[in-house]
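The values are calculated or read from the model by the stated rules, or taken from the named source; none is laboratory data. These figures come from a predicted structure and were not determined experimentally. Backbone-built Cβ (ideal geometry, glycine too); neighbour counts: all protein chains shown.
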Amino acid sequence: MAVITMNSSDVGPKALATTRAAAVRGFRRGDRIFRLVTFAAALSVLVILCGVMLSLLFGAWPALRTFGFGFFIHATWNPVKDVFGALAAIYGTLVTSVLAMLLAVPVSFGIAVFLTELCPWWLRRPIGIAVELLAGIPSIIYGIWGLFVFLPFVQSVIQPFLINLFAPIPVLNILFAGPPYGIGTFSAAFILAIMVVPFITAVTRDVFETVPAVLKEAAYGIGATRLEVVRRVVIPYTRTGLVGGVMLGLGRALGETMAVTFVIGNAHAISSSLLAPGTTISAVIANEFNEATDPMYISSLIALGLILFFITFVVLAISRLLLMRIEDAEAK
Amino acid sequence: MNRTLRTRRQLVSLVMMGLSVVATLFGLGFLALILGTLIFKGLAGLKLSIFTQMTPPPGSKGGLLNAIAGSLVMTTGGVAIGAPIGMLAGIYMAEYGRGTRFTMIVRFINDILLSAPSIIIGLFVYEIYVAEVHHFSGVAGIIALAIMVVPVVVRTTEDMLLLVPGTLKEAAAAMGLPRSIFIRRIALRVARAGLITGVLLAVARVSGETAPLLFTALSNQFWSWNINEPIANLPMVIFNFALSPYKDWQQLAWTGALLITCAVLALSITARVLSAQGTRK
């Protein structure tokens, strides 16, 4: 790096001018190089995404070409006969995630309402921080807890209870039928729900906090109850952000591997009962990829990955667009 | 009439607020239950031998030394590669490309990568690296983790640099200080606490990641410093041991899970304290 000494007496004004010019040139070159390097780094983010997409497409191509559209609508998954269809895995992925959201969203909203409206001030920070820390716990922890603690409990207590409870009710007795295996779609959805609650809660709380106090005070001022303030002021004001937060949680749930793999049961079947073993895209890949030696088998697994990537990309993109709108509104 | 309506409204409100308290107790209760079980089961197997012995064959005694060492090597490697890339990208977005469409797109894509399924990253690295060199290796694991690190660091670096007061930049520009020197000598220094926070969060994020290592680093029963070979790591050992039928392996899985959780929590708390100090100044 050039150091300019302005007070060296033996340098005439002309020499000074040339050293200066050289220094400025050096700076300009350094500036340009640094700018280029940082630009390349920023570009690498896009390169990673395109790379992921292209490599998945490339790897999935043999399977997609062989099975065509049938890959998406057949549930047969037979490595021995080399016949693969993704429907069971897609179905399992969607059902576990949607079920998990049905459980997690009300709980997360409840916690967020508690944190922003009811909680005494001294408790808000500790609980808020606890929620954020829990969002960082690796998913394998949820998986191992689910396997050793939750499954035995589900099998011996919750599932027999559900089966007996819904047995006389039509429709529901199909959803909750069969022997209590413990492992299965229901257990996976439950573990997923516990896992995404901190994510959704953290976003929801942040979004709730963007509501101007004046709006809430005005509502209280004309005699609204707490529920009415939440329902008529807070939720309408934050609707976009709420949907964004839920989509973010859904994106996480769809792609979650470890928490699900332990408890789903890994059965390539579409069962009408939520208690039956099933599978998800990520669980199939995690379980079978290292055992797959046949090229068509590997390609089919990569095709599953491509489908998962596509689904989560769309969900996360919608979530980002919605949350960005809230951030822009806040910045104004 | 008016009074009954009012009581009913208040009652409904009270019930719903009561439900939100119940939701809080339910949600936080479950999370506390998980952490409680983890501590209880994990502590039962926490002995000195965990840190001094290798992962054992079933039925004999052993520890997690090779897994812990492997995890440290791979996490360090991943962060050493991913963090500089992320920081440089963040610098471009906050300084040179502030507000441009390119930056908007990069930020958008980066946010998606931040939550993208990690198992996809594993598949990607398998395809571009493992399938080419025909063997699993620590290098592949490091590449996968580095890809996970980049989005976290990009996000925090950009956010933190955007907080650097514009007056500093104007003062530097008025003195004729080149942009690159301003960034390196002043902006990065002002934002240092935030940048360290970002890196710590990235370490916390990848140290428990299992899915991207499944088809990249795999695992190793033995001691290995050679990152060109499959390398043992805590998440994979937990995964394999937990699914095994052997009691002592399962115990090691619990203890490993406790170690990872403690490390992740310690990192997140340090990051939080650092960023709180940074903003107070």
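Details
- In the stretch B:73-85, the residues that are free of Cβ contacts under 8 Å to residues at least 60 places away in the same chain never reach a residue that is among the charged types (D, E, K, R) and in a helix (DSSP H, G or I) with C-beta atoms less than 8 angstrom apart, at least six apart or across chains.
- When the stretch A:297-328 is filtered for residues that are more than 22 Å from B:VAL106 (Cβ to Cβ), out of contact with any strand residue (DSSP E or B) (no Cβ under 9 Å at 6 or more places or on another chain) and either outside any helix (DSSP H, G or I) or small (Gly, Ala, Ser) (or both), only A:GLY305 remains.
- Assessment of the stretch A:221-241 against the conditions (closer than 29 Å to A:PRO138 by Cα and either at pLDDT 90 or above or of a type outside the set (Gly, Ala, Ser) (or both)) yields at least one matching residue.
- So A:LEU321, is it surrounded by fewer than 16 Cβ atoms within 10 Å (Cβ to Cβ), within 11 Å of chain B (Cβ to nearest Cβ) and over 16 Å from A:TRP77 (Cβ atoms): yes
- The listed residues are A:SER299, A:SER282, A:SER272, and the only one of them that is away from chain B (no Cβ under 11 Å) and hydroxyl-bearing (Ser, Thr, Tyr) turns out to be A:SER272.
- Some residue of the stretch B:235-253 being in contact with a His (Cβ under 9 Å, 6 or more places away or on another chain), buried (at least 21 other Cβ atoms within 10 Å of the Cβ) and either in contact (Cβ under 8 Å) with a residue 40 or more places away in the chain or under 30 Å from B:GLY194 (Cβ atoms) (or both): no
- Check on A:LEU242, aliphatic (A, V, I, L, M), touching a residue at least 24 places away in the same chain (Cβ under 8 Å), away from chain B (no Cβ under 11 Å) and more than 29 Å from B:MET17 (Cα to Cα): no
- A:TYR142 hydroxyl-bearing (Ser, Thr, Tyr) and within 12 Å of chain B (Cβ to nearest Cβ): yes
- Residue match in the stretch A:161-170 (condition: in contact (Cβ under 8 Å) with a residue 12 or more places away in the chain, more than 14 Å from chain B (Cβ to nearest Cβ) and out of contact with any helix residue (DSSP H, G or I) (no Cβ under 6 Å at 6 or more places or on another chain)): yes
- A count restricted to the stretch B:218-253 and to residues that are within 26 Å of B:ILE120 (Cα to Cα) and within 12 Å of chain A (Cβ to nearest Cβ) stands at 16.
- For the stretch A:138-197, a residue qualifies if it is aromatic (Phe, Trp, Tyr) and part of a loop (DSSP other than H, G, I, E, B), and the qualifying residues are A:PHE176, A:TYR181.
- Output for the stretch B:91-130, where each listed residue is assigned to a helix (DSSP H, G or I), more than 8 Å from chain A (Cβ to nearest Cβ) and within 24 Å of A:GLY244 (Cα to Cα): B:ARG101, B:MET104, B:ARG107, B:LEU114
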